[in-house]
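The values are calculated or read from the model by the stated rules, or taken from the named source; none is laboratory data. Every value quoted in this text rests on a predicted model; they were computed, and no experiment measured them. Ideal geometry is used to build each Cβ from the backbone, glycine not excepted, and the neighbour counts take in all protein chains shown. Surface areas here come from the heavy atoms of the whole protein model, side chains and all, with no ligands, DNA or RNA. Shrake-Rupley method; radii C 1.70, N 1.55, O 1.52, S 1.80 Å.
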Amino acid sequence: MSYLTQEQIVAANKANLETLFGLTNKAFEGVEKLVELNMQVAKTTLAEAAENAKAALSVKDVQELLALQTSLLQPSAEKAAAYSRQLYDIAAATSAEFTKTAEVQFADLQKSFMSAFDAAAKNAPAGTENAVTLVKSAITAANNAYESVQKAAKQAAEIAEANFSAVTNTAVKATQSAAKSARRAA
């Protein structure tokens with residue numbers, strides 16, 4: 001029977017600790033990007049609010065006010081869509097890093113388990129070959145099911161991203177159309 005040595009346990013713990021710190025760093029990087037994005041948006045919004053207030057105070061009549069309002073509508077929607085997209089990209093990139101790490105960890109665990117199982121199977125008593133074959137088949141089936149679920153999850157994420165992009169583009173186009181209509185009406 002095969003037992004883990006102290007060196008193997010220490011190495012496994014070290015690898016797990018490195019993985020934990022790696023994931024923590026990736027999470028902090030995502031938070032840093034998010035804070036940076038929000039600070040940039042806050043500065044830009046404050047500057048634009050000051051400009052818009054000055055422009056609103058210099059308006060001489062209602063038609064100028066409507067024209068100003070219309071001119072501000074489209075860029076605001078486009079900026080909101082761009083912000084949403086950047087936010088989504090940060091979240092997706094961080095999530096991808098976590099998924100990649102999880103996949104590597106699972107592959108390593110799977111490899112270790114199969115090595116231990118193969119070592120145990122070599123020392124199995126005579127007459128248990130069918131049971132060993134059955135367990136190997138079950139492991140293979142479980143691995144195939146896991147891979148299928150992984151592929152389906154990736155496809156679902158790709159579809160969600162495509163839908164997000166389509167909704168964002170539709171919203172921007174609708175805002176542009178509304179701004180054009182408002183300009184014609186003014």
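Run the helix sum for the chain: -39,500 (n - 2.57) per DSSP H stretch of 4+ residues, divided by residue count, reported at 222 nm to the nearest 500 deg cm²/dmol.
-34500 deg cm²/dmol
Using only the alpha-carbon atoms, how far is helix 6-57 inclined from the longest principal axis of the chain? Give it as 0 to 90 degrees, nearest 10.
10 degrees
Please work out how much length the chain gains when fully extended from ILE159 to THR128, using 0.36 nm per residue of separation minus the C-alpha to C-alpha distance, in nm with one decimal.
6.5 nm is the gain from fully extending ILE159 to THR128.
Helix 62-122 against the longest principal axis of the chain: what's the angle in degrees, Cα atoms only, rounded to the nearest 10?
Taking Cα atoms only, the helix is inclined about 0 degrees.
Please compute the contact order of the chain in relative form: average sequence separation of alpha-carbon pairs under 8 Å and at least six residues apart, divided by the residue count, as a percent.
It rounds to 44 percent for the chain.
Cα extents of the chain along the three principal axes, largest first, in whole Å?
97, 32, 10
Enumerate by residue number the trypsin sites (Lys or Arg not before Pro) in segment 57-123 meeting two conditions: DSSP loop (anything except H, G, I, E, B), and at most 13 other Cβ atoms within 10 Å of the site's Cβ.
Listed in order of number, the matching sites are LYS60.
Where the centre of each part is set by its Cα atoms, how far does segment 1-68 sit from segment 141-173, in angstrom?
Their Cα centres are 23 Å away from one another.
Report LEU65's accessible area, 1.4 Å probe, all protein chains in place, as a number in Å² to the nearest 10.
90 Å²
What net charge do the residues around ALA55 carry, taking every other residue with its C-beta under 13 Å from that of ALA55, with Lys and Arg at +1 and Asp and Glu at -1?
-1
Please give the per residue accessible area of segment 31-72, computed with a probe of 1.4 Å over protein heavy atoms only, in Å².
Value returned for segment 31-72: 80 Å² of accessible area per residue.
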